[in-house]
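Novice: Here it is, the structure in full.
Taken together, the values in this text are just the output of simple stated rules run on the coordinates, not laboratory data. Worth saying up front: this structure is predicted, and the values here are computed from it rather than measured. All Cβ positions, glycine included, derive from the backbone under ideal geometry; neighbour counts span all protein chains shown.
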Amino acid sequence: MSVTTEIQVPVEDFELGRAVRIPEGGTVELEAIVVVGDNTGLCFRVYGIDRCEFEALNDRPPVEVPAAVDVFDDQALYTLEWSPARDRLFRIVCEQRAQTLRGTGTNRMWTFEFRFPSHTALSAFRIQCERSDISLRVVRIHGTSELDAGSWFGTTARQREALTLAVRKGYYDIPRGCTTNDLSEELGISGQAVTERLRRGIVALVSNTVASNGSDRE
């Protein structure tokens, strides 16, 4: 049985944490890890950070510089060329055949949710991290058959906030009890950001619940 764990890692203990410098008060959320041939890239969203400040802080060759691909009022989407093989943490994750479900970073700490194929793989991961001087704080561990309403299901705190508000306000009711603008005013973000946050939250929920057991069986 697979097992999911949420861990926290100090930024100085792994390559990605050191590569992406986050100003105090800002947040970075991993959007996707994209593999094209021999190249690996990251897509991540940046919140609560001045774009110029973030880009100036990360403009330091020979380290790859994040490139902005989409910009909203309160967030920006960046891509970054990055190799898991050079990152001790993610090298161990790959060796144990684990999946990265989500990742959120601040200027001090990253929080990840990984799904391991077994408890044995998770134990091996923790031992290897300790031997590699990677400090881990395990926040929670649960098996896929033990998921309940209090689990993360791969969603971030911002996504859960938006989804909960949308359901409570009747956004998904017919007829709708509120509009995107109503949600954006209460959340303090743009309407486009609300739509994106709801979309990513729903994708995470479906991927980690109804779509997590493979193909349907009749």
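Novice: Counting other C-beta atoms within 10 Å, which of Y172, Y78, Y47 has the fewest, and how do the rest follow? Show your work: numbers first, answer last.
Specialist: Numbers: Y172 13, Y78 23, Y47 17.
Ascending number of Cβ neighbours within 10 Å: Y172, Y47, Y78.
Novice: With θ set to phi - 60°, apply the Karplus curve 6.51 cos²θ - 1.76 cosθ + 1.60 along segment 13-30 and write out the HN-Hα couplings as whole Hz, x wherever there is a Gly or Pro.
Specialist: 9, 8, 4, 4, x, 7, 6, 9, 8, 10, x, 4, x, x, 9, 10, 10, 5
Novice: Residue by residue through segment 161-176, which ³J(HN,Hα) values in whole Hz follow from phi under the Karplus form 6.51 cos²θ - 1.76 cosθ + 1.60 (θ = phi - 60°), with glycine and proline marked x?
Specialist: 4, 5, 5, 4, 5, 4, 5, 5, 7, x, 4, 9, 6, 10, x, 5
Novice: Full-extension gain between N107 and S83, please, as 0.36 nm times their residue separation minus the C-alpha to C-alpha distance. Kindly include the intermediate steps, with their values, before the conclusion.
Specialist: On the way: separation 24, 0.36 × 24 = 8.64 nm, distance 2.10 nm.
Working it through step by step, the gained length comes to 6.5 nm.
Novice: While we're on this one: Taking H placed 1.01 Å from N in the peptide plane, check which residues at least 5 places from L101 or on another chain put their amide H under 5 Å from its amide H.
Specialist: Long-range HN contacts for L101: E113, F114, R115.
Novice: Rg and Dmax of the chain over Cα atoms: what are they, in angstrom?
Specialist: Rg, Dmax (Cα atoms, Å): 18.2, 57.
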